[in-house]
Amino acid sequence: MCYYNGQKVSREEFIRLMALEKATKNYDFLNKGVISGFTDTPVAVVVATEGNTNFDIVQMEWGFIPNYLNTREEVNRMRKGYKDTNGKYIPGQPQLNAKSENLFVSERSGRRSMFYDAAKNRRCLVLSSGYFDWRHVYRTNKKTGEKLKTPDKYPYYVSLREHEYFYMAAIWNPWTDKETGEMANTVALVTAVANPLMKQVHNSKERMPTILSDELAWRWISEDLSEQEVLEIAATQYPYQEMSACTVASDFLGKLDPTEPFTYENLPAIELVV
Amino acid sequence: MSQETIDWQANYRGHPIKIGKRQIGKTEVYYVSSSPEKKPLVLTRALKSGGKEFWTSIPQGMQKEAEEIGAIIDKLEK
């Protein structure tokens, strides 16, 4: 429980009011309909204050920048992709997400992960009212009956039925451009293996953000956790029964209300037989 | 009043106040101004643990005023 203006309120309500404080101070990030990881819009991040007795809401750049990158130019290369010295294209890695399994050990190299320090010492929460993911549906070739190589992609808006705001586990890193001195706090969302609902929505990768209950969210940012405890919380699958996923228009980004439901005639319904 | 539109004018403790209602995200907030030189008082409805609604200032610190002016807004909105 927390107190706001002398009144006992839930932690969720406290967060909402704190968020409103920022919004009324002309922060421009809490009343945005959609924040894309591919734009420069900052995200609202909850961090524990010193001593872990309270928390604050701050703005961060979405896209984790590891300290081995020295300049913005190097960051842009990592994020957008580049050609190496042999002319081979290296795809971009925006580092918007950190897989829960990769927090301490890199999946690719098997060595210490670039997220290691952040997972140990700089855990935070990204505030969200919902997020968008794409479901891939493969049509079949009418003549051959074979599955087409390129899927049709249908956007879904995913939210929690009973919560206006919720917390996604995240990790952050303070980064400094060694040429210009620019400082940026950068953040990556932690992702878990998809639950039965998200397995069907985000069916290309079968991942979902690690959505945490109030209690787990507080533990995530404020407690001195062992690696095992970090991994356990990071792998949390939010119960699919408490989530809702609804299709939205393909041009939802430009809509006044991007979360407005939209029905696609030929899209098969999601089946939740578990 | 920094947030231009005025929805109501009322009297509080013998002084005229101007009240403007805005929407931030899904939340309604009220800007209350008693003088053009002063920053408006921002109010909203919040929920106590247990589910009962109360008026609060944003940021904290003006609870008494929030409750009193909130009661005026409740009447204006009826």
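Things to note:
- For residue A:98, the stated conditions do not hold, so it cannot be described as crowded, with 19+ Cβ neighbours inside 10 Å and modelled with pLDDT under 85.
- Tallying residues that are touching a residue at least 12 places away in the same chain (Cβ under 8 Å) and out of contact with any Asp or Glu (no Cβ under 9 Å at 6 or more places or on another chain) within segment A:178-191 yields 7.
- Residue match in segment A:174-183 (condition: surrounded by 16 or more Cβ atoms within 10 Å (Cβ to Cβ) and either within 14 Å of chain B (Cβ to nearest Cβ) or among the aromatic types (Phe, Trp, Tyr) (or both)): yes
- Total residues in segment B:20-42 satisfying the condition of being more than 10 Å from chain A (Cβ to nearest Cβ) and either modelled with pLDDT of 90 or more or in a strand (DSSP E or B) (or both): the figure is 7.
- Selection of segment B:61-73 for residues being surrounded by fewer than 16 Cβ atoms within 10 Å (Cβ to Cβ) and at pLDDT 95 or above yields only B:71.
- Assessment of segment A:258-270 against the conditions (surrounded by fewer than 19 Cβ atoms within 10 Å (Cβ to Cβ), in contact (Cβ under 8 Å) with a residue 40 or more places away in the chain and farther than 20 Å from residue A:155 by Cβ) yields no matching residue.
- All of B:17, B:58 fail the test of being touching a helix residue (DSSP H, G or I) at 6+ places or on another chain (Cβ under 8 Å), away from chain A (no Cβ under 13 Å), modelled with pLDDT of 85 or more and buried (at least 16 other Cβ atoms within 10 Å of the Cβ), apart from B:17.
The values are calculated or read from the model by the stated rules, or taken from the named source; none is laboratory data. Remember, predicted model here, so these are calculated numbers, not experimental data. Ideal geometry is used to build each Cβ from the backbone, glycine not excepted, and the neighbour counts take in all protein chains shown.
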